[in-house]
Structure formats: structure tokens, C-alpha cells
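Everything below concerns the one structure shown next.
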Amino acid sequence: MPRPSLRRTLAPLAAVACLAAGGCSTPTPAASTSVPRTTNDLGAVQVTGAPGATPKVSVPTPFSVPSSTRRVLARGTGALVKAGQRVTVDYLGINGTDGHQILSSYGSKPPSFVLDAKQAMPGIVTSLVGVPVGSRVLAALAPKDAYGVQGQPAAGIGPTDTIVVLLDVKAARDVLLKATGTPVAPKPGLPVVRESSSGGPTITLPKGAPPDHLVVQPLVVGRGAKVRSGQQLRVQYAGVIWPGGREFDSSWRRGEAATITVGRAQVVGGLDRGLIGQPVGSRVLLVVPPDDGYGAAGNDSFGVRGTDTLVFVVDILDAG
């Protein structure tokens, strides 16, 4: 973190010059400047407040750490938190450079998110993995594990700012790896879905033209809560083009689940309409006509034409 440079006072040299010249008034010495000492000890951070109430976090500034670290202030009695789980936490964040509060969830519904460094700050993930549910954790996140080299200027966060965050772990639960529930026999005449040796689906199209309307066919009915509009889903999916059957996208092929938000026009309309209301754990076959897909413009990056029907197979692994 940049600090002001130290400056020597020039008053003694000026006084010597005046005496050599036969005398002159002695200038008043300039006030010395001091540089605040940077702290990196989480033990110096004070946290007060009764359980359940909004806490107060006092950080000695400037506070900076070269690598992220944590301190468990109160150890819970629940199961240990694991990477990849969905956790529910209350949090309060402080900019270590100047001590101003940058975010807080206290006083509102605690948020939940998947402990995946691609979805959450890497420093948050490492700070929570291995602590029991019910714990209170104080963490210092190095810039690379928080807002990165770009910082977040709108929130007053610079590229070298350490973030001090208090985390109260409310809950943690596993995220499914594949669809789990009751198999359903699909209606005749639809694409046939089989599971490959790698765990992902293979989709075989029937002969003839595709339907001109959205088709939503559950293949496995999950046991979880029903998906609501606005929720963020963790999914595995594959998509092929009808006619032809060419696979144009697949999270299984990439080797990792994807995160999408439904009901906010952030995915093609057929997925928005077809996934809302499906229970978590389900595998759903969707036949999406052009109007509910990429429209007349198609999607050049996927090689989808404006007249192509899309066929998706989606495993709903989590919703939050």
C-alpha cells in the first residue's frame, strides 16, 4: 500500500547558511510529518455487539495483509463447511485502508451463495471452508482474493486495499452433482435422452420436423423446492440443434456446472419459462422453437440460425 514519503526538515541547514552570511532571522522549523504504521494483525481488530444484533467492527488503519488470513472468533457446533456447498451468511465488510464500511447484510435476510471461487470472492471461500456452521469468522482478504487489481472505485475501494470482513455462518448444504429424483417416461415423439459413460446426456432427434411450440418434459422429478423467478440456479446442461442434432453447447463437455438466473431475461425465453416451477434435482428436456430461443437473428457464436429449434437437457442442481 503506498505511503507518504518521509521528508527531512530543512530548518537546520537554513540556519547555518544565515549565520555564515552575517546573520539573519532563523526560520521556524517545519512540523514533521509522520507515517501511520500499517497493521496486519487480526487480533487488533475489535468486534462488539450482542449475538443476533448488528455488530460493530473497528479496524486500526491502515490495515493491509499480503495474503488472506482468518481468525475464528466463535466456533459453531454444526457440520464443517465444505467447498462447493451453498452457504447462508451474514457479513459486514470494512476497507482496511481507511476503515469505512463498504457492505453489510445485517438487518436484512442473510444471503446465500455457492462456495466456488468462480461465483464468490476467493478470499471468502477460503475463509469459510473448514469452519463449523454457527461460527463467527473474522477474515482479512488480500486484494487479489477480494476485488482484484481493478478495485471498485464506485465503492471507494482501491486496487491495493485489503478488505476486513466479519462472517456469521448460518447454514450450509450440499449441492447436487446430477439430477436425483423420480424418473418419468417422456411422451412419444420427443427427442430420446440417454446417459453417456461420462455422465452427461446424449440426445437423439426423431425424424420429421420439430414442434412449433415450447415443449417442457421432465425426465427426472427432483425432491427439492420448486424454482422461483429471479433465483440463481446451478445447472448442468447440453444443447443440440434441430434439425441435424449438432451439439452447440454443453457444460458437461466443459467439465463444470454453470450458474444462470431465471426470470430476468438473462437466458433464452424457453429456459426462463420451462425451468421456473421445476423442483431442484430435476432433469428437464426442453424443445425451444426459434421465437423462444435466439429469435430471427440466431446466434453466430454458437452456429445457430434464426430458423433453428433448440433442444436442451438441463439438470437443476441447486437454487438460491
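Among the residues examined, THR97 does not qualify as polar (S, T, N, Q), modelled with pLDDT of 95 or more, open to solvent by less than 30 Å² (accessible area, probe 1.4 Å) and touching a Ser or Thr at 6+ places or on another chain (Cβ under 7 Å).
For the condition surrounded by 15 or more Cβ atoms within 10 Å (Cβ to Cβ), touching a residue at least 24 places away in the same chain (Cβ under 8 Å), of a type outside the set (Val, Ile, Thr) and part of a strand (DSSP E or B), ALA139 qualifies.
For the stretch 209-232, the set of residues classified as in a loop (DSSP other than H, G, I, E, B) and under 17 Å from THR259 (Cβ atoms) consists of GLY224, VAL227, ARG228, SER229, GLY230, GLN231, listed by residue number.
Only one of the listed residues (ALA179, ALA238) is closer than 29 Å to LEU115 by Cβ, open to solvent by less than 60 Å² (accessible area, probe 1.4 Å), touching a Phe, Trp or Tyr at 6+ places or on another chain (Cβ under 7 Å) and among the hydrophobic types (A, V, I, L, M, F, W, C). That residue is ALA238. In the stretch 253-261, is there at least one residue being open to solvent by less than 70 Å² (accessible area, probe 1.4 Å), modelled with pLDDT of 95 or more and outside any strand (DSSP E or B)? No, the stretch 253-261 contains no residue that is open to solvent by less than 70 Å² (accessible area, probe 1.4 Å), modelled with pLDDT of 95 or more and outside any strand (DSSP E or B).
This table checks each residue for (1) open to solvent by less than 50 Å² (accessible area, probe 1.4 Å); (2) more than 20 Å from THR77 (Cα to Cα); (3) basic (Lys, Arg).
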{"position": "GLN101", "(1), (2), (3)": "no, yes, no"}
{"position": "TYR106", "(1), (2), (3)": "yes, yes, no"}
{"position": "PHE113", "(1), (2), (3)": "yes, yes, no"}
{"position": "ALA117", "(1), (2), (3)": "no, yes, no"}
{"position": "SER127", "(1), (2), (3)": "yes, no, no"}
{"position": "TYR147", "(1), (2), (3)": "yes, yes, no"}
{"position": "GLN152", "(1), (2), (3)": "no, yes, no"}
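When GLY123 is tested against the conditions (1) at pLDDT 95 or above; (2) in a loop (DSSP other than H, G, I, E, B); (3) small (Gly, Ala, Ser), the lone failure is (2).
The values are calculated or read from the model by the stated rules, or taken from the named source; none is laboratory data. Given the structure is predicted, the values throughout are model-derived calculations rather than measurements. Neighbour counts are summed over all protein chains in view; Cβ atoms, including those assigned to glycine, are modelled from backbone coordinates with ideal geometry. These area figures cover heavy atoms from the full protein model, side chains too; ligands, DNA and RNA do not enter into them. Shrake-Rupley method; radii C 1.70, N 1.55, O 1.52, S 1.80 Å.
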